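Heads up: the structure comes next, in structure tokens.
The values are calculated or read from the model by the stated rules, or taken from the named source; none is laboratory data. Here the structure is a predicted model, which is why all the values come from computation and not from measurement. Please note: Cβ atoms are built from the backbone with ideal geometry, for glycine as well, and neighbour counts cover all protein chains shown. When the accessible area is computed, the model is the full protein with side chains, heavy atoms only, and any ligands, DNA or RNA have been set aside. Shrake-Rupley method; radii C 1.70, N 1.55, O 1.52, S 1.80 Å.
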Amino acid sequence: MINELNAARDEALVAIAASNDMEALESLERDVLGKAGPFVAAKKRIGELAPEDRKDAGQAINATRTEVEDAIEARRGTLGASARAAQYANERLDLTEVSTAASVGHAHVVTQTWEELEDIFVGMGFHVAEGPHVETDWHNFDALNIPKGHPARDGFDTLYVNHGEPGSTLLRTHTSPVQIRTMLDQEPPIYIIAPGRVFRRDTADATHMPVFHQIEGLVVDKDISLADLAGTINAFVGTYFGEEVESRLRPNYFPFTEPSAEFDIRRADGSWLEMGGCGMVHPNVLRAGGIDPEEWSGFAFGFGIDRLALMKHGVSDLRELFANDTRFLSQF
Ligand code: DAH
């Protein structure tokens, strides 16, 4: 019986070494170690042996079977490694390969609009001014003729910053405080625009975002009149939207201008669309900026950059601009 086991083992070892894929090895394993194999058969025959031979026979079965099992495991390891190597070779990506069709990004549609606005106003003789996003309550409100307790403050859902006296520091709710900073910083004549980011405690929907962009305009010079304001708005609208697009001023109220107006543009279908606010700079605002209203006068305007971008491209939902979906953004 021991000779039979050794022969069965030797035969199995040769077959294992010759198996050259996982499937062949596993089928061989079932045949040799399974119920129909020589080791199970030998075990069944132990009972037929003389009692004194049974121990040696049992040990021989276990020893030869273990040798075969070990050989199968070793072969499995070798076949597995070469299968993985083949798979890796197959799936290899050449990361050094440079695509000639690499896509190049471009400025966001809001940035494009912002830059186009700067170009137009710079072309009309304006300079670009800037102010901080984190503002004092004084620059954002008081100096713009909106004292504490003024109802106009409620119109701005202000985000306050936890700094200094409670309520003294905020995220600017509009670009108008740049008017004040500019007047305090330079002598008239002043011709500036101030594009920038503004913040309000608003829930995002199709027409609102808690962060958006405005552009402010401020002119302070001798004998500036409402006609200069209307002419400037008209020139801008004509350049941005095309000569055929008209604009109009409609009386309105803003604390920082007197008189104040809303300016609208006329769309292709004849309807009027509200664009922004404007007016003659209020004497209190000039004074807050250190400018004598007896000597100087001025006009100011402000409107939303994002809204303008939407209008120009016929997009109906403001949130599209900030979802950063390249399928949307790559259109512009
Ligand atoms: N600051 C105003 C707002 O955010 C817009 C505005 C209205 C700006 C009239 C002006 C102006 O300069 O004269 O709603």
Task: Computed label-point distance, nm, for sites ALA206 and ASN252 using a 7 Å Cα→Cβ extension - done: 2.1
- [ ] Compare the Cα positions of ILE2, HIS282, ALA63 along the charge dipole of the chain (+1 at Cβ of Lys, Arg; -1 at Cβ of Asp, Glu; about the Cα centre) and return the one farthest towards the positive end.
- [x] ILE2
Task: Modelled label reach - ALA41, point 7 Å along Cα→Cβ, the stretch 1-29 residues with backbone N closer than 19 Å - done: 1-16, 27-29
- [ ] Obtain the nm distance between the two label points defined at ASN90 and ASP56 by a simple spin-label model: each point lies 7 Å from its Cα along the Cα-to-C-beta direction.
- [x] 5.2
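Classify the stretch 109-329: rounded, prolate or oblate, from the alpha-carbon gyration tensor (a ≥ b ≥ c, eigenvalue square roots; a/c under 1.5 rounded; otherwise prolate if a/b is larger than b/c)?
Oblate shape, in that a/c is at least 1.5 and b/c is the bigger or equal ratio.
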Open item on the list: Quick query: amide H of HIS282 versus all other amide H atoms, modeled in the peptide plane; which residues come in under 5 Å with a sequence gap of 5 or more or a different chain?
Closed with: THR257, GLU258
Task: Largest-first ordering by accessible area, 1.4 Å probe, given options GLU11, GLU274 - done: GLU11, GLU274
TODO: Output ³J(HN,Hα) for the stretch 27-44: one whole-Hz value per residue in order, computed from phi by the Karplus curve 6.51 cos²θ - 1.76 cosθ + 1.60 with θ = phi - 60°, and x for Gly and Pro.
DONE: 5, 5, 4, 4, 5, 7, 9, x, 4, 8, x, x, 6, 5, 4, 5, 4, 4
- [ ] May I ask you to compute the full-extension gain from ASN162 to ALA107, defined as 0.36 nm times their residue separation minus their alpha-carbon distance, rounded to one decimal in nm?
- [x] 16.4 nm
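As a check on your grasp of the helix formula, calculate [θ] at 222 nm for the chain: sum -39500 (n - 2.57) over DSSP H runs of n ≥ 4, divide by the residue count, round to the nearest 500.
Helices in the chain give a 222 nm mean residue ellipticity of -13500 deg cm²/dmol.
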TODO: Report, by chain and number, residues whose modeled amide H sits under 5 Å from the one on ASN252, excluding near sequence neighbours (fewer than 5 apart, same chain).
DONE: SER260, ALA261, GLU262
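Label the stretch 1-41 by shape, choosing from rounded, prolate and oblate, from the square roots a ≥ b ≥ c of the eigenvalues of the Cα gyration tensor; if a/c is under 1.5 it is rounded, and otherwise prolate applies when a/b is larger than b/c, oblate when it is not.
oblate
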- [ ] Starting from the Cα of LYS312, step 7 Å along the direction of its Cβ; do the same at GLU4; then give the gap between the two resulting points in nm.
- [x] 9.4
Task: Residues in the stretch 80-106 that a label on ASP21 would reach, taking backbone N under 12 Å of a point 7 Å out along Cα→Cβ - done: 83
Open item on the list: Rounded to the nearest 20 debye, what is the charge dipole size of the chain about its Cα centre when +1 sits on each Lys and Arg Cβ and -1 on each Asp and Glu Cβ?
Closed with: 1080
- [ ] Compute the Cα gyration tensor for the stretch 222-279, then decide on rounded, prolate or oblate, letting a ≥ b ≥ c be the square roots of its eigenvalues: rounded whenever a/c is under 1.5, prolate when a/b is larger than b/c in the other cases, and oblate in all that remain.
- [x] oblate
- [ ] Just read off the accessible area of HIS213 with the full protein assembly in place, 1.4 Å probe, to the nearest 10 Å².
- [x] 10
